[in-house]
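What follows draws every value from the coordinates through simple rules; no lab data is involved. Predicted model, so just to flag it, every value in this text is computed and none were measured. Cβ sites come from the backbone with ideal geometry, for glycine too, and all protein chains shown count toward neighbours.
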Amino acid sequence: MKWTHFLFASFFFLCSSVTASGVGFTQITLADDSERPLNTAIWYPTQDVSATTLIGDNPVFVGTHVIKGARIQSGIFPVVLLSHGYRGNWRNQNWLATELAMRGYIVAAADHPGTTSFDQSSVQAAKWWERPRDVSRVLDYLLTATKWKPSTNLSDVTAIGHSLGGWTVMLLAGAKVDRASFEADCLLYPNPRTCGLSQELGLSKLQTSEPHNKALRDPRIKRIVSLDLGLARSFSIESLRDINVPSLILAAGVDIGDLPQALESGYIAEHMPLNSRRYKVYEKAAHFSFMQDCKLGAEVMLENEVSGDGIICKDGLGTSRSELHQLMLNDILDFLNQ
């Protein structure tokens with residue numbers, strides 16, 4: 001299946017509206033690491049009332065309305081850091097970022113070099129440890145930049161990730177990669193979508209530049225949310241048992257064919273301490289249900305582009321993606337508020 005072909009090479013259209021959304025938006029490039037510049041999007045609460053811009057909208061996906069360059073609302077706000085999935089980008093959880101910003105959160109998301117739709121460099125992709133460091137770099141920026149530092153609440157920082165992004169935030173919570181166990185597990189369950197990425201992501205052998213026996217945990221991140229994560233069985237059971245960061249594990253109950261949640265999110269939930277995690281399966285959600293809503297006819301359009309890609313817009317029978325998003329948002333807000 002070549003579902004990444006259309007999905008992650010999609011267009012990014014902008015158009016104007018006259019309805020104020022209360023959500024400010026800006027894009028920056030973090031260039032503190034010249035070898036790994038980060039294209040970063042930031043959503044935030046604003047009281048400005050002016051023309052809005054539609055972002056993340058294209059022939060397949062529904063965008064959201066924001067006020068580009070608006071002034072941030074006066075106050076101190078909790079922070080949410082987003083991490084996209086394999087060959088995705090910040091637009092994939094734009095729906096969630098906008099909803100959170102409307103409710104008083106500063107939300108930031110970077111495109112991960114090597115595994116984003118705009119940069120598929122094999123050299124960068126193999127540096128798996130840089131993904132969690134990207135998230136930490138974005139947090140560094142928010143806590144030091146003149147524009148954001150006065151408004152960010154250092155004691156209230158959450159990381160949320162979808163798919164490979166869920167794997168990324170688990171590393172930020174203290175999970176550690178165990179190559180030997182992952183290799184052995186892949187002999188039992190040779191999943192092409194996860195085990196098949198081992199070499200590309202640099203997980204098949206130890207690399208000289210990776211952090212040796214060192215957790216990538218960022219203690220500034222107080223809680224995490226994983227959205228139907230993948231590569232869960234690359235983590236050591238011991239490291240999962242030691243995680244004490246409050247964690248919300250959300251999973252899709254509809255198996256898209258080779259990403260069964262019982263071997264991914266279920267694996268995480270099985271081995272993490274019961275007192276530090278919550279676990280919920282949306283029985284009518286599929287893996288891509290956590291991404292932006294699809295437009296009418298998008299499934300057929302994708303299928304005609306590349307056979308099999310229509311699955312990107314498929315959810316469980318008897319539900320809609322917008323209904324699923326509302327359930328997910330309610331659960332995430334409930335978790336954040338506690």
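Structure notes:
- Segment 90-123 and segment 232-255: distance between their alpha carbon centers, rounded to Å: 21
- Shape of segment 23-82, Cα gyration tensor, a/c cut at 1.5: oblate
- Histogram of C-alpha separations across the chain, 20 Å bin width, %: 33, 61, 6
- Along the axis of the charge dipole computed for the chain (Cβ charges of +1 for Lys and Arg, -1 for Asp and Glu, origin at the Cα centre), the listed residues Gly202, Leu139, Gly75 are led at the positive end by Gly75.
- DSSP bridge analysis restricted to segment 4-337 gives an antiparallel fraction near 40%, rounded to the nearest 5.
- Label-to-label distance, Leu206 versus Gln120, with points set 7 angstrom from Cα along the beta-carbon direction: 3.2 nm.
- Taking all C-alpha pairs of segment 92-211, those more than 26 Å from each other amount to 29 percent.
- Working from Cα pairs under 8 Å separated by at least six residues, relative contact order for segment 89-175 is 19 percent.
- Estimated from helical segments only, the mean residue ellipticity of the chain at 222 nm is -7500 deg cm²/dmol, where each DSSP H run of four or more residues counts as -39500 (n - 2.57).
- Helix runs (DSSP H) in the chain reaching 15 Å along axis by Cα, Kyte-Doolittle at least -0.5: 321-337
- Cross-link table Lys176/Lys205; Lys176/Lys314; Lys280/Lys314; Lys68/Lys147; Lys127/Lys214, entries beyond 24 Å C-alpha to C-alpha: Lys176/Lys314
- Working from Cα pairs under 8 Å separated by at least six residues, relative contact order for the chain is 17 percent.
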